[in-house]
Amino acid sequence: MTEHVLDPDIWVDEYGDAMLRYAYSRLGDQAKAEDCVQEAFMAAYKSRDRYKGTHAPKAWLMGILKHKIVDYIRKASRETVTEDVEVLQAYESPLYKYSGIPTRNPRAWAFDPALAAENSDFWIVFQDCLSKLKGVHHDAFVLRELEGKSTEEICNELDVTANYLCVLFHRARLSLKECLEINWLDSAKSE
Amino acid sequence: MLLTCKQVSRALEHKNYEDLSRWDKIQLRFHIAICVICGKYNTQVMQFQKLTRRFRNLADDDRIPASLSLCEEKRTEIKKAMHAESDQADE
């Protein structure tokens, strides 16, 4: 006897929202997240014979969704990777060449990140700022920090060199920090 | 045993600080504590890694506004597409 019924209508109603939220947390864009969810549902439905009913359907669907998201990021970046002038400059700087650090004196945090992390509202701001990261910076950061991919995998998927990737991470952190500082301090003030 | 700035930066670019071995962590912290060149920079990298690690471990509900959900049109569209797929398979 199968515990879980394979009914597309029930799937979409039961798990659609959770899947969308997961996809959104990785892609930072609702339309893209919806596309991925749809692709995942279609792929799941096509291979429904392989679903044995031993796992909860949600876990199975989420597994498929994860693959679709990484695929999506890879495809999107194949089309859009253009060498960023600012990244190239940092990458060419003598300091970076010899020490591997893109800047010697980063600006100090405008708020205490450890303290902010204790506040649940902070994470909504964090997600928001993460979504605002641009193109390849966003993709590199998400693949590394959220999907836990190795440097080699990310380089392959985004088609960039390991050095260039390091500078991309650096740039991603810089923009994220700037955005967090503006938005987190703003929301703290308005309270 | 002494690491160079480059090794420290590279180690943090390749791995989250939390995933390093205990020995690597000790060496890294030692370098960062005394280094005037990369200390500040890598301290921030580590702070970032702490934040993102925590962010990753949050449930989706804690970081995404509750209002985000699959809209009715999209739901219907997905269901239709799946039904179309199964009709095709039946033929």
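With +1 on each Lys and Arg Cβ and -1 on each Asp and Glu Cβ, and nothing else charged, work out how big the dipole of chain A is about its Cα centre, in Debye to the nearest 20.
540 debye
Using the alpha-carbon centroid of each, what span in Å lies between segment B:17-72 and segment A:160-191?
Answer, in whole Å: 13.
With a 10 Å cut-off between alpha carbons and a GNM built on chain A, which of A:Met19, A:Met62, A:Met42 moves the most?
Answer for the Gaussian network model of chain A: A:Met42.
Which of A:Asp159, A:Asp84, A:Asp49 moves most in a GNM of chain A, Cα contacts under 10 Å?
Looking only at A:Asp159, A:Asp84, A:Asp49, the biggest GNM fluctuation is shown by A:Asp49.
What nm value, rounded to one decimal, do you get for the distance between B:Asp61 and A:Glu152 when each label is placed 7 Å out toward the C-beta?
It works out to 4.0 nm between the two label points.
Would you mind working out the accessible area per residue for the protein assembly as shown, using a 1.4 Å probe, and quoting it in Å²?
Values: 14870 Å² over 282 residues.
For the protein assembly as shown, the per-residue accessible area is 53 Å².
Find me the longest stretch of chain A that has none of the exposed trypsin sites (Lys or Arg not before Pro), where exposed means in a DSSP loop (not H, G, I, E or B) with at most 13 other Cβ atoms within 10 Å. Provide the component values of the computation, followed by the final result.
Details: sites that count: A:Lys52, A:Arg107, A:Lys134.
Result, exposed sites excluded: A:135-191.
Within chain A, how many Lys pairs that are eight or more residues apart, or on different chains, come under 17 Å at the alpha-carbon?
17
Describe numerically, in nm with one decimal, the distance between label points set 7 Å from Cα along Cα→Cβ at A:Gln30 and at A:Trp109.
Distance between the two pseudo-spin positions: 3.1 nm.
Can you pull out the cysteines in chain A that have no other Cys Cβ under 4.7 Å?
Here A:Cys36, A:Cys155, A:Cys166 come out as lacking a disulfide-compatible partner, given the Cβ-Cβ threshold of under 4.7 Å.
Using 0.36 nm times the number of residues separating A:Lys134 and A:Glu92, minus their current alpha carbon distance, what extension gain do you get?
13.0 nm
Under 4.7 Å Cβ to Cβ, no partner at all: give me those cysteines from chain B, in residue order.
B:Cys35, B:Cys71
Over chain B, with a Gaussian network built from C-alpha contacts below 10 Å, which listed residue (B:Leu70, B:Leu58, B:Leu28) shows the highest mean-square fluctuation?
Its mean-square fluctuation being the largest, the pick is B:Leu70.
Below 16 Å, Cα to Cα, which aspartates and glutamates can B:Lys74 reach? Residues fewer than 8 away in the same chain don't count.
By straight Cα distance, B:Lys74 reaches A:Asp9, A:Asp13, A:Glu14, A:Asp17, A:Asp29, A:Glu34, A:Asp35, A:Glu39.
Taking Cα centroids, how far is segment A:35-65 from segment A:91-148 in Å?
Answer, in whole Å: 33.
Put +1 on the Cβ of each Lys and Arg and -1 on the Cβ of each Asp and Glu in chain B; which of B:Pro65, B:Gln7, B:Cys35 then has its Cα farthest toward the positive end of the dipole?
Final value for the positive-end residue is B:Cys35.
Rounding to the nearest 10 and keeping the result within 0 to 90°, find how far the Cα-based axis of helix A:162-189 lies from the longest principal axis of chain A.
Result, in degrees: 90.
With a Cα-only, solvent-free Debye model of the protein assembly as shown, what are the log10 I(q)/I(0) values at q = 0.10, 0.12, 0.15 Å⁻¹?
-0.61, -0.83, -1.15
With the alpha-carbon atoms as the only input, what is the per residue convex hull volume for segment A:126-191 in Å³?
68 Å³
Please list the equivalent ellipsoid semi-axes of segment A:58-191, computed as the square roots of five times the alpha-carbon gyration tensor eigenvalues, in descending order and whole angstrom.
For segment A:58-191, the ellipsoid semi-axes come out as 26, 24, 12 Å.
How many Å² of accessible surface get buried when A and B come together, counting both sides, probe radius 1.4 Å, rounded to the nearest 100?
For chain A against chain B, roughly 5000 Å² becomes buried.
The values are calculated or read from the model by the stated rules, or taken from the named source; none is laboratory data. Quick caveat: nothing in here was measured; it's all calculated off a predicted structure. Cβ sites come from the backbone with ideal geometry, for glycine too, and all protein chains shown count toward neighbours. All accessible areas refer to the heavy atoms of the entire protein, side chains included, with ligands and DNA or RNA removed. Shrake-Rupley method; radii C 1.70, N 1.55, O 1.52, S 1.80 Å.
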